[in-house]
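Presented below is the structure to which this report refers.
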Amino acid sequence: MSNDYKFEGWLGLDKDAAEGKMQWKEFEPKPFTENDVDIKITHCGICGSDIHTLRSGWFPTQYPCCVGHEIVGRAVRVGNKAERGIKVGDRVGVGAQADSCLKPDCEECTSGLEQYCTNSMCSTYNSNFADGSKSYGGYATYNRTPSHFVFKIPDALDSADAAPMLCGGVTVYSPLKKNGAGPGKKVGIVGVGGLGHFGVLFAKALGCDKVVGISRSNQKRDDVLKLGADEYISTEEDKDWATKHARTLDLIVCTVSSPKLPLMDYMQMLRTNGKFVQVGAPEDILPNFSAFAFIGKGVTFGGSLIGAPHEIEEMLQLAADKKIKPWIEQRPMKEANKAVVDMADGKARYRYCLVNEESK
């Protein structure tokens with residue numbers, strides 16, 4: 001089958017790309033197979049991972065690189081072995097993962113933990129498929145992804161709202177759901193930015209008895225309460241906050257990371273058998289902490305990576321059913337360089353979504 005469309009996008013060519021120096025170029029996607037779906041991209045969220053990758057912050061990037069893993073658009077080509085009943089014309093999305101081995105002897109893939117596949121976990125960009133071809137993301141006109149990691153978008157969700165859920169949303173939804181967030185539970189969300197604001201929204205949607213937004217300053221207090229949080233804590237401005245809120249939370253999901261993170265104080269806030277789950281992926285290290293912070297109350301310290309396909313589908317349906325409305329600012333795809341710089345400068349309130357106006 002010949003295609004009448006080109007795969008073009010904003011490519012980072014070196015570390016300077018994160019400073020607004022991506023270049024619009026054509027690229028070659030993975031070879032098409034009958035399991036794949038080609039998507040004409042209408043929307044792509046901007047994630048902090050994009051910036052880390054553009055500047056080789058985590059590890060050396062495979063330049064040229066097209067970032068973006070919160071993709072929504074229309075299926076324009078669908079292989080005859082595609083999963084989920086996807087058809088040409090369907091509104092679909094792709095999150096932070098493009099492939100895994102899916103072999104019957106893979107413990108992770110057969111357990112619904114595809115994001116932890118140790119054989120061939122392929123990220124949506126800056127990664128390689130099993131055949132060696134590179135993955136390219138969604139700051140582009142088109143995307144090609146194996147159908148196991150392509151999801152139908154519920155009709156009730158706006159595309160600009162759904163796109164950032166595919167990474168930012170599920171990154172907090174997954175640990176909330178796995179760790180029992182719901183009626184009878186009190187949950188804290190550390191860092192109420194792009195990820196954290198989803199944490200507040202989903203914790204409330206899951207029916208938690210209490211949701212507490214936690215950030216350094218009071219700058220976001222009004223916003224977080226409007227999002228539905230029952231309480232807000234400023235760790236730099238509220239006096240004796242850790243003591244006042246000691247043993248009040250069952251679960252804390254932390255979306256930020258810094259050597260200055262008041263980790264011991266967060267442990268103080270957990271109840272007996274409470275859980276602290278780290279999802280923010282830093283370029284630096286977490287602070288030292290005492291083992292007694294965990295031993296004394298039976299506290300669990302854990303981590304979580306994005307979300308599995310079944311969790312993404314579940315999250316999208318919850319968002320549709322509960323009419324969850326994230327705070328999204330739409331930016332033209334042609335202004336991606338400026339949007340990336342603004343994102344890095346912390347100007348997003350609380351997530352940017354790039355829009356291909358001509359593809360809508």
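The values are calculated or read from the model by the stated rules, or taken from the named source; none is laboratory data. Keep in mind that what you see is a predicted model, and the values were worked out from it rather than measured. When we count neighbours, we look across all protein chains shown, and the Cβ atoms used for this are built from the backbone with ideal geometry, even at glycine. To get the accessible areas, we keep the full protein, side chains included, count just its heavy atoms, and leave off ligands, DNA and RNA. Shrake-Rupley method; radii C 1.70, N 1.55, O 1.52, S 1.80 Å.
Rounded to the nearest 500, what is the 222 nm mean residue ellipticity of the chain from helices alone, with -39500 (n - 2.57) per DSSP H run of 4+ residues and division by all residues? Present the calculation step by step, with values, prior to reporting the outcome.
Numbers: 10 runs with 78 residues, N = 360.
Mean residue ellipticity at 222 nm (helix-derived): -5500 deg cm²/dmol.
Could you check how much of the accessible area of the chain is carbon and sulfur, as a whole percent, using a 1.4 Å probe? Could you put the intermediate results ahead of the total?
Details: 7270 of 15220 Å².
Of the solvent-accessible surface of the chain, carbon and sulfur hold 48 percent.
Apply the Kirkwood formula to segment 87-220: the hydrodynamic radius equals the inverse of the mean of 1/r over all pairs of different alpha-carbon atoms; give it in Å with one decimal.
16.8 Å
Which one, I285, I312, I86, has the greatest fluctuation when you compute a Gaussian network model over the chain with C-alpha springs under 10 angstrom?
Evaluated over the chain, the most mobile residue of the options is I285.
In terms of solvent-accessible area of protein heavy atoms at a 1.4 angstrom probe, what is the ranking of D105, D36, highest value first? Can you show the working numbers first?
Working: D105 130, D36 0 Å².
Accessible-area ranking of D105, D36, largest first: D105, D36.
Taking a ≥ b ≥ c as the square roots of the Cα gyration tensor eigenvalues, with a/c under 1.5 meaning rounded and otherwise prolate when a/b beats b/c, else oblate, which class fits segment 119-179?
The shape class here is oblate.
Using only C-alpha positions, report the orientation-averaged shadow area of the convex hull of segment 1-150, nm², one decimal.
8.7 nm²
Distance in nm between label sites at E83 and F292, each 7 Å beyond Cα in the beta-carbon direction?
4.8 nm
Need one number: % antiparallel among DSSP beta bridges in the chain, to the nearest 5.
If we restrict to bridges inside the chain, about 55 percent are antiparallel.
Which loop trypsin sites (Lys or Arg not before Pro) in segment 119-161, with loop taken from DSSP, have no more than 12 other Cβ atoms within 10 angstrom of their Cβ?
none
Note down the net charge around N80, summing +1 for each Lys or Arg and -1 for each Asp or Glu among other residues with Cβ under 13 Å from its Cβ.
Neighbourhood net charge equals 0.
Return an integer: the convex hull volume of the alpha-carbon atoms of segment 77-164, in Å³ per residue. Don't skip to the answer; put the middle values down first.
Details: hull volume 10.7 nm³, N = 88.
For segment 77-164, the hull spanned by Cα atoms encloses 122 Å³ per residue.
Once the Cα gyration tensor of segment 174-214 is found, what semi-axes does its equivalent ellipsoid get, as square roots of 5 times the eigenvalues, in whole Å, sorted largest first?
Output for segment 174-214: semi-axes of 15, 10, 8 Å.
Let me know the volume per residue of the alpha-carbon convex hull for segment 192-237, in Å³.
In segment 192-237, the Cα convex hull volume per residue is 56 Å³.
Share of Cα-Cα pairs in the chain beyond 25 Å, in percent? Don't skip to the answer; put the middle values down first.
Numbers: 33523 of 64620 pairs.
The share of Cα pairs beyond 25 Å in the chain comes to 52 percent.
Going by average Cβ neighbours within 10 Å, how do the peptides 260-269, 38-47 rank, with the highest at the top?
Answer by packing, highest mean first, reads 38-47, 260-269.
Highest mean first, how do 196-203, 3-10, 62-69 rank when packing is the count of other Cβ atoms within 10 Å averaged over residues? Walk me through the numbers on the way to the answer.
On the way: 196-203: 29.0, 3-10: 15.6, 62-69: 23.6.
The most tightly packed comes first, giving 196-203, 62-69, 3-10.
Using the Kirkwood radius built from alpha carbon pairs, what does the Stokes-Einstein equation give as D for segment 278-352 at 10 °C and 1.306 mPa s, in µm² per second? Mind dumping the intermediate values first?
Details: Rh = 16.5 Å.
Here the translational diffusion coefficient equals 96 µm²/s.
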